[in-house]
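The values are calculated or read from the model by the stated rules, or taken from the named source; none is laboratory data. Remember, predicted model here, so these are calculated numbers, not experimental data. Cβ: placed from backbone, ideal geometry, glycine included. Neighbour counts: every protein chain shown. The area values use the complete protein model at the heavy-atom level, side chains included, leaving out ligands, DNA and RNA. Shrake-Rupley method; radii C 1.70, N 1.55, O 1.52, S 1.80 Å.
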Amino acid sequence: MNPIRINLTLGLLWLLLGMLLGEHMGRTGDHGQMPTHAHIMLLGGVLSISWAVIYKVFEIPAGLLAWVQTGFHQVSTVVMITGLYMLYGHMAEEAVLGPVLGLSAIGAVVSVLLVLVQTLRTKV
Ligand code: HEM
Ligand code: HEM
């Protein structure tokens, strides 16, 4: 296992999960979870697969920064998706979910910054 494999595999699994939710929304006609679906597809799926491709194409080593970035991205995505699902499913108070979603957003931003730092070190 390395950051490329983890991001690629989890990214594809995020796509599958998001498509199942999209299919459920289409079938029931209830689009209440649209923000959850959008973030599963884009934050979970598209960005994770982008990280795998960036690491591969720019030959970024599987060092500490890559592992920390992968951890930040995947943990933030799990927390944000769970929080969004609960928020739009009215399963918990917004006052409780707000700070959790805020923390997950900070984690997602840190992950992007860590990719930026690593790509700036590479020759293009
Ligand atoms: C099995 C495949 C998919 C199904 C069944 C599906 C289903 C849906 C449904 C029912 C909506 C709500 C539309 C609305 O209420 O206006 C939606 C919105 C959305 N979907 Fe999907 N979707 C699928 C694949 C994808 C993929 C591959 C992506 C991106 C990689 C994606 C990204 C989005 C986004 C960003 C929105 C929100 C659009 C907006 O803000 O208006 N979906 N999808
Ligand atoms: C720091 C992380 C992020 C935060 C805090 C955030 C926050 C939000 C919020 C508050 C909305 C409005 C939801 C609503 O309509 O009620 C939204 C919608 C949306 N976001 Fe994000 N987002 C983040 C990351 C991303 C990323 C990385 C992408 C794409 C790569 C993305 C794509 C979208 C799209 C397509 C919509 C429209 C979907 C809809 O209308 O439901 N977001 N986001």
Ignoring ligands, DNA and RNA, what percent of the accessible area of the chain is carbon or sulfur (1.4 Å)? 74 percent
Applying the Karplus parametrisation 6.51 cos²θ - 1.76 cosθ + 1.60 with θ = phi - 60° to the phi angles of region 67-84, what ³J(HN,Hα) value in whole Hz is obtained for each residue in order, glycine and proline being reported as x? 5, 5, 4, 4, x, 4, 5, 6, 5, 4, 5, 4, 5, 5, 5, 4, x, 5
Between residue 59 and residue 38, the FRET efficiency computed from the C-beta separation at R0 = 25 Å comes out, to the nearest 0.05, as 0.20
Per DSSP helix of 4 or more residues, -39500 (n - 2.57); summed, then divided by the residues of the chain. What does that give at 222 nm, rounded to the nearest 500? -26000 deg cm²/dmol
Karplus couplings for region 103-114 from phi (6.51 cos²θ - 1.76 cosθ + 1.60, θ = phi - 60°), rounded to Hz, Gly and Pro as x? 5, 5, 5, 4, x, 5, 5, 4, 4, 5, 4, 5
Regression test value, accessible area per residue of the chain, probe 1.4 Å, units Å², expected 59 Å²
Length-normalised contact order of the chain, Cα under 8 Å, at least 6 apart, in percent, tallies to 29 percent
In nm², the average projected area of the convex hull spanned by the Cα atoms of region 18-114 is 6.5 nm²
